[in-house]
Amino acid sequence: MSSVGETPLRGKLFIVEGVDGSGKSTQIDLLHKWLVSQGYLVVFSEWNSSPIVKATTRRGKREKLLTPMSFSLIHAADFASRVHMQILPALEAGALVLADRYVYTAFARDGVRGVHKPWLRKLYSLAPQPTIAFYFDVPLDEAIRRILEGRPALKFYEAGMDLGLSEDPYESFRIFQGMIREEYDRIVEEFGLVRMDATEHLIRQQQRMRQLVLPHLDGVLRFDGGEINTALTRAGLLGRYLDEDDVRTEEM
Amino acid sequence: MREIRFYGHQPPGFGERRLPGRLIAIEGTDGVGRSTHVALLKEWLEARGYGVLDTGFTRSDLAGPGIQRAKQGHTLDPVTLNLFYATDFWDRLERQVLPALKAGMVALTDRYIFSLIARAVVRGVSADWMENLYGFAPVPDLVVYLDIDPPHLVPRVLSSTGFDYWESGQDYLPGDSLFTNFIDYQASLLETFRGLAAKYEFKTLDARGSVSDVFQSLCLEIEPLLREMDAEAELNEMR
């Protein structure tokens, strides 16, 4: 999977994986905030977010047009587009890249949907190799409890309803997540993902993540967030009328 | 299809071993006359009583509109574009071609995986990666490759739509001469096509001749498939 060019990339890539409800998004969000506060330049990439591909995926899901193969292919298109436009250029520039879900999500979900596994691995061989890939391991019951607590309406593909596992979305979700979890177990072995105990206290998990990330931060790009904060402090202002996102983009 | 085989592996959604219909792919470069021949074939087959499905790139419900939209922008890299095309290809395979083959129709496809592979390879995408990508494609009962050379291609293109941005490789070739780029692009495309034709054993037809001559040879190639279909149908009736 490290087949991107001949020269090693200057930047570093940290990714999180795990079933829904494993807490991986919370953890990478905390890591993100910490890295930014430490002055690092961080690019964040989310699964299924390419502006060029997203509309097609959304349409496919809404109209239930997706089958295991088209589901797999359209997600690969989304991923390829993000690698090309976002992940790879940032790594070449020497930045930190964080990704919530990576190729292993496709290996797990599509694998469970019956897509040929060697084909999938080759399909995603264009992906840069993560510096560290974290897998948030949580018992199935705990993951299901967390998801159903906060978000009772399950989406069709999220619940694996396309697989015809059960008529009941909740039952289908349980079976589907169980299958994905088993597939993840194999993937963790195959690719040497770092297993995190997702039942541990949030703070303890975050501490461990930071410990593991820290040794890899030498020489990566830093960014002081622009001059806005300095300007505000000096003038004793709060910046109530600044839309931070807009200003940031302008500065960069 | 006599027997369903795949270039790489059997994908989920394609469980059958045999299908009563036949899958015929017409391959060849831009402007060689594929669409003309597909239209003529459709009429010829229907006149003889066969049900015909014709399909071609970007005609899927799922990904067709997305590809059109994406190609208008400037942000598309060749790998993403190819995965978009692969999504479109698969969706048509599953929703158009497979049902037609089950129903005993002749499925005519204007271009198949080889156009997609050739276009990507000349743009620097790994051939190995592309061939793996389309490993899910069933091997058609017949792949006809319409072969031509740039000197014969130029007048055809000029007398129809003119030189097109993508068909001249303008997206990746340097310089702004559409004509020069067209010649260079088509030359490398044709070379790649011929390599694929040898490797995958296409039926190659010389497309430099008149439409009517080429069409006649095309019909001759297809005739045996139709006889075979008829024989199978008769056998089924006797059972």
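Regarding the range A:179-193, can at least one residue be identified that is over 30 Å from A:Lys12 (Cβ atoms) and surrounded by 17 or more Cβ atoms within 10 Å (Cβ to Cβ)? Checked against the condition, which is being over 30 Å from A:Lys12 (Cβ atoms) and surrounded by 17 or more Cβ atoms within 10 Å (Cβ to Cβ), the range A:179-193 yields at least one hit.
To keep it simple, each residue is scored yes or no on (1) buried (at least 22 other Cβ atoms within 10 Å of the Cβ); (2) in contact with a His (Cβ under 9 Å, 6 or more places away or on another chain); (3) not in a strand (DSSP E or B).
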residue	(1), (2), (3)
B:Pro12	no, yes, yes
B:Arg17	no, no, yes
B:Pro20	no, no, yes
B:Trp44	no, no, yes
B:Phe84	yes, no, yes
B:Thr87	yes, no, yes
B:Trp90	yes, no, yes
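Rundown of residues vs (1) in a loop (DSSP other than H, G, I, E, B); (2) at pLDDT 95 or above, yes/no style:
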| position | (1), (2) |
| --- | --- |
| A:Gln27 | no, yes |
| A:Leu30 | no, yes |
| A:Pro51 | yes, no |
| A:Lys61 | no, no |
| A:Met69 | no, yes |
| A:Leu73 | no, yes |
| A:Val97 | no, yes |
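Within 12 Å of chain A (Cβ to nearest Cβ) and buried (at least 24 other Cβ atoms within 10 Å of the Cβ): is that true of B:Thr109 in this structure? So B:Thr109 does not fit the description; no. Just so you know, in the range A:32-49 the residues that are assigned to a loop (DSSP other than H, G, I, E, B) and among the hydrophobic types (A, V, I, L, M, F, W, C) include one that is farthest from the other protein chains (Cβ to nearest Cβ), and it is A:Leu41.
Looking only at the range B:61-82, which residues are more than 7 Å from every other protein chain (Cβ to nearest Cβ) and assigned to a helix (DSSP H, G or I)? Matches in the range B:61-82: B:Gly64, B:Pro65, B:Ile67, B:Gln68, B:Arg69, B:Lys71, B:Gln72, B:Pro78, B:Leu81, B:Asn82. Cβ-Cβ distances below 9 Å connect the following pairs, each with a first residue in the range B:2-29 that is over 26 Å from B:Glu223 (Cβ atoms), a second residue that is assigned to a strand (DSSP E or B) and among the hydrophobic types (A, V, I, L, M, F, W, C), and a separation of six or more residues or different chains: B:Phe14/B:Phe6. Flag not set for A:Gly160, criterion: in contact (Cβ under 8 Å) with a residue 60 or more places away in the chain and more than 21 Å from A:Ser50 (Cβ to Cβ). Contact map, the range A:91-114: residues that are within 13 Å of another protein chain (Cβ to nearest Cβ) and under 15 Å from A:Leu66 (Cβ atoms) paired with residues that are buried (at least 23 other Cβ atoms within 10 Å of the Cβ) and among the small types (Gly, Ala, Ser), Cβ distance under 6 Å, separation 6+ or inter-chain. Pairs shown: A:Asp110/A:Ser72. Here A:Tyr135 does not fit the description of being part of a helix (DSSP H, G or I), crowded, with 19+ Cβ neighbours inside 10 Å and among the hydroxyl-bearing types (Ser, Thr, Tyr).
The values are calculated or read from the model by the stated rules, or taken from the named source; none is laboratory data. Nothing here was measured: the structure is a model prediction, and the numbers come from that model. As a convention, Cβ positions derive from the backbone with ideal geometry for all residues, glycine included, and neighbour counts pool all protein chains shown.
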